[in-house]
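Data block below; observations after.
The values are calculated or read from the model by the stated rules, or taken from the named source; none is laboratory data. Computed from a predicted model, the values in this text were never measured in an experiment. Positions of Cβ are generated from backbone atoms using ideal geometry, with glycine treated the same way; all protein chains shown enter the neighbour counts.
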Amino acid sequence: MSDLDVINPSNEQIITRVECATKDDVKRIIDEAREFFDNCRWTAKERSKILLSVSHLVKRHSEELATLESLNTGMPLKEARKRVESCRKFLNYYARLSLLPDEEDDIRYEPVGVVGAIVPWNFPLLMAVWKVAPSLAAGNATVLKPSSHTPLTSLKLVELFEKAGCPKGALNVIIGGATVGRELCSSKNVDRISFTGSTETAKEIVKLSSSNLKKLTLECGGKCA
């Protein structure tokens, strides 16, 4: 692995360095997610309990999360605190939703498999929770890829999930740029990609996903369109 500088945009100083994943790292993490989903199904009650526990941990670590978000994105601390509280409420919502019946009339709800969640640089914590919480609530294994510019709160979020007892392989995080993203999107062991970012990147994801005709959720546009 190589080190990646994480920059505070307000003063362009290095906050810390994080390890950047290689292609082999990405393959290994995807394989762990695949192994978990195929062989270690977890119950709705277990998923709900973990999401609730993470919600409590987010509240306990709220100031740390807000500070990390503010330092890494340049977001005012007051706004970062609001986003952290929104994350806590969102986790609670999906903790409850995961307990709803998985069948209704002739409709049966099932997890899709391994989900790749790709998060942009702005609002990284909130968007990570927006993708991770519903994916895990539904019983999927999830690989989270935050922007390489703003990875700090995603790393902390995954740490909180581990503290809450999230099973190994159910949620992993990979850090890196386009090479890492391409490996995630082209892998035949990934069943769905949820992406928020530029239209140009989304076009490339569509091409890469043809390896196994992945299901895609693409939120495109914004400042990078």
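Regarding residue 45, is this residue surrounded by fewer than 17 Cβ atoms within 10 Å (Cβ to Cβ) and without any contact (Cβ under 8 Å) to a residue 12 or more places away in the chain?
Against the criterion (surrounded by fewer than 17 Cβ atoms within 10 Å (Cβ to Cβ) and without any contact (Cβ under 8 Å) to a residue 12 or more places away in the chain), residue 45 does not qualify.
Can you confirm whether the stretch 135-153 contains a residue that is of a type outside the set (Gly, Ala, Ser), touching a residue at least 60 places away in the same chain (Cβ under 8 Å), surrounded by fewer than 19 Cβ atoms within 10 Å (Cβ to Cβ) and out of contact with any Lys or Arg (no Cβ under 7 Å at 6 or more places or on another chain)?
Among the residues of the stretch 135-153, at least one is of a type outside the set (Gly, Ala, Ser), touching a residue at least 60 places away in the same chain (Cβ under 8 Å), surrounded by fewer than 19 Cβ atoms within 10 Å (Cβ to Cβ) and out of contact with any Lys or Arg (no Cβ under 7 Å at 6 or more places or on another chain), which makes the answer yes.
Could you list, in sequence order, the residues of the stretch 154-172 that are touching a Phe, Trp or Tyr at 6+ places or on another chain (Cβ under 8 Å) and buried (at least 20 other Cβ atoms within 10 Å of the Cβ)?
Residues satisfying the conditions are 169, 170, 171.
Have a look at 66, 95, 33, 80 and point out the one that is touching a Leu at 6+ places or on another chain (Cβ under 9 Å) and more than 26 Å from residue 176 (Cβ to Cβ).
That would be 95, the only listed residue that is touching a Leu at 6+ places or on another chain (Cβ under 9 Å) and more than 26 Å from residue 176 (Cβ to Cβ).
Is there a residue in the stretch 85-96 that is surrounded by fewer than 17 Cβ atoms within 10 Å (Cβ to Cβ) and within 23 Å of residue 151 (Cβ to Cβ)?
yes
For the stretch 2-32, which residues satisfy the criterion of being of a type outside the set (D, E, K, R), in contact with a strand residue (DSSP E or B) (Cβ under 9 Å, 6 or more places away or on another chain) and over 16 Å from residue 184 (Cβ atoms)?
2, 4, 6, 7, 8, 13, 14, 15, 16, 18
One residue is enough: does the stretch 187-200 have a residue meeting the conditions at pLDDT below 95, surrounded by fewer than 22 Cβ atoms within 10 Å (Cβ to Cβ) and β-branched (Val, Ile, Thr)?
Yes: the stretch 187-200 contains one or more residues that are at pLDDT below 95, surrounded by fewer than 22 Cβ atoms within 10 Å (Cβ to Cβ) and β-branched (Val, Ile, Thr).
What about residue 218, is it surrounded by fewer than 21 Cβ atoms within 10 Å (Cβ to Cβ), of a type in the set (A, V, I, L, M, F, W, C) and not in a helix (DSSP H, G or I)?
Here the answer is yes, as residue 218 does meet what is asked.
If you check 80, 66, 33, which single one turns out to be assigned to a helix (DSSP H, G or I), of a type in the set (Gly, Ala, Ser) and under 20 Å from residue 172 (Cβ atoms)?
Residue meeting the stated conditions: 33.
Read through the list (1) surrounded by 13 or more Cβ atoms within 10 Å (Cβ to Cβ); (2) modelled with pLDDT under 95; (3) of a type outside the set (Gly, Ala, Ser), then give the number of the only condition that residue 50 fails.
(2)
Scan the stretch 173-180 and tell me whether some residue there is touching a Phe, Trp or Tyr at 6+ places or on another chain (Cβ under 9 Å) and of a type outside the set (D, E, K, R).
The answer is no; no qualifying residue exists.
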